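Only one structure is covered here, and it is reproduced in the block below.
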Amino acid sequence: MEDSESGKGLSERDREIYEWQLDVPGMGEEGQAKLRNTTALVSRIGGLGGPLALSLAAAGIGKLILVHGGELRPDDLNRQILMRHDHLGKSRVAAAAETLRTFNPHVEVETVAENFSEGNAAELVARADIVFDAAPLFEERFLMNRECVAQQKPLIDCAMYNMEGQVIPIVPGETPCLACLYPEVPAHWKRRFPVIGAVSALIANIGAMEGIKLIAGLSGVNLHRLIYFDTAAMKLRKVKISRNPDCKVCAKL
Ligand SMILES: [Zn+2]
């Protein structure tokens with residue numbers, strides 16, 4: 001019997017907690033152990049990153065690094081489900097960590113109380129096995145993409161606007177990267193976006209599932225696909241995407 005605290009396998013406690021998940025085809029103890037031995041970085045833990053981090057914690061990810069600057073405001077509360085009213089005015093990332101640690105104390109949670117930037121990008125990505133991008137700003141998404149490509153770390157890019165959202169699983173050197181699809185910030189893009197929390201949580205969980213499949217070695221990861229969900233019509237579309245041979249970020253891989 002292996003002990004998860006000291007070894008790479010599952011402990012009896014893990015088997016007890018994840019019993020129903022171990023039965024998922026392709027998961028088993030091997031897939032679960034891969035989750036437990038993975039460090040996932042989630043950049044921004046708001047409407048997208050919060051539910052995403054919660055689902056990773058529920059699935060038994062080994063460690064979460066939460067990256068998000070600033071304090072909780074009243075207008076965050078319609079979607080940032082790791083936050084509570086009594087967290088208002090307090091650090092978002094600290095509030096999120098508190099919720100996650102209460103929810104699953106067996107997941108290690110580290111917090112970085114600043115946003116992803118040129119100054120911290122390389123060091124943050126170096127500490128993770130996989131990166132989940134839930135940032136609203138294109139500049140941050142481009143930076144994460146560039147750094148994940150440079151360090152050849154998988155990236156799950158999640159984004160939403162109004163009633164729609166999309167997820168792109170990126171494996172550098174194999175799939176298109178974000179810059180293959182968006183060479184620059186789209187002209188119509190706006191900082192403030194209409195959002196219902198259920199929409200961001202849905203898109204977050206599509207991203208969480210793609211990441212969990214990738215980490216645990218389950219089949220069906222949507223590589224070379226952009227997953228697009230329209231909640232107004234409740235329609236899901238998968239758009240085939242290709243690498244740009246002239247991409248400024250990934251063409252050399
Ligand atoms: Zn590219």
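Read-outs: derived from the displayed coordinates by stated rules, not from any lab. Everything numeric in this text was worked out from a predicted model, so none of it was measured. Cβ: placed from backbone, ideal geometry, glycine included. Neighbour counts: every protein chain shown.
Report the Cα centroid-to-centroid distance between segment 148-209 and segment 20-42 in angstrom, as an integer.
Measuring centre to centre over Cα atoms gives 23 Å.
Determine, for each peptide in 18-29, 39-50, 119-130, 173-184, the mean count of other beta carbons within 10 angstrom over its residues, then list the peptides with the highest first.
39-50, 173-184, 119-130, 18-29
When the chain is fully extended, how far beyond the present Cα-Cα distance does L77 get from R237, taking 0.36 nm per residue of separation?
Result for the pair: 54.7 nm of gain on full extension.
Taking neighbour Cβ counts within 10 Å as the exposure measure, how do H85, H106, H68 sort from fewest upward?
H85, H106, H68
Quick one: how many lysine pairs in segment 115-253 have C-alpha atoms under 30 angstrom apart, if they're 8 or more apart or on different chains?
For segment 115-253, qualifying lysine pairs total 19.
Counting only complete DSSP H runs, which helices of the chain cover 18 Å or more along their long axis at the Cα atoms and score a mean Kyte-Doolittle of 0.0 or above?
Correct list, ordered by number: 197-216.
Got a sec? Which residues in segment 41-70 would a label at R127 touch, if it sits 7 Å along Cα→Cβ and we count backbone N under 14 Å?
41-44, 63-69
Label-point separation (nm) for H85 and L22, each offset 7 Å from Cα along Cα-to-Cβ?
Inter-label distance under the simple model: 4.2 nm.
Within a 10 angstrom radius of the beta carbon, how do R15, R146 rank from fewest other beta carbons to most?
Working: R15 14, R146 20.
Ordered from fewest to most neighbouring Cβ atoms within 10 Å, R15, R146 come out as R15, R146.
Rounded to the nearest whole Å³, what is the per residue volume of the convex hull around the Cα atoms of segment 1-139?
Dividing the Cα hull volume of segment 1-139 by its residues yields 118 Å³.
Rg/Rh for segment 153-253: what does it come to with C-alpha atoms and Rh from Kirkwood?
Here Rg/Rh amounts to 0.97.
When all alpha-carbon pairs of segment 38-240 are counted, what percent fall beyond 22 Å?
Tail of the P(r) past 22 Å holds 43 percent of the pairs.
Going by how many other beta carbons lie within 10 Å of each one, how would you line up L202, L155, L236, fewest first?
Lowest count first: L236, L202, L155.
To the nearest 500 deg cm²/dmol, what mean residue ellipticity at 222 nm is calculated for the chain from DSSP H runs of n ≥ 4 alone, each contributing -39,500 (n - 2.57), summed and divided by the residues?
Result for the chain, helices only: -10000 deg cm²/dmol.
Cα convex hull of segment 165-212: how many Å³ per residue?
85 Å³
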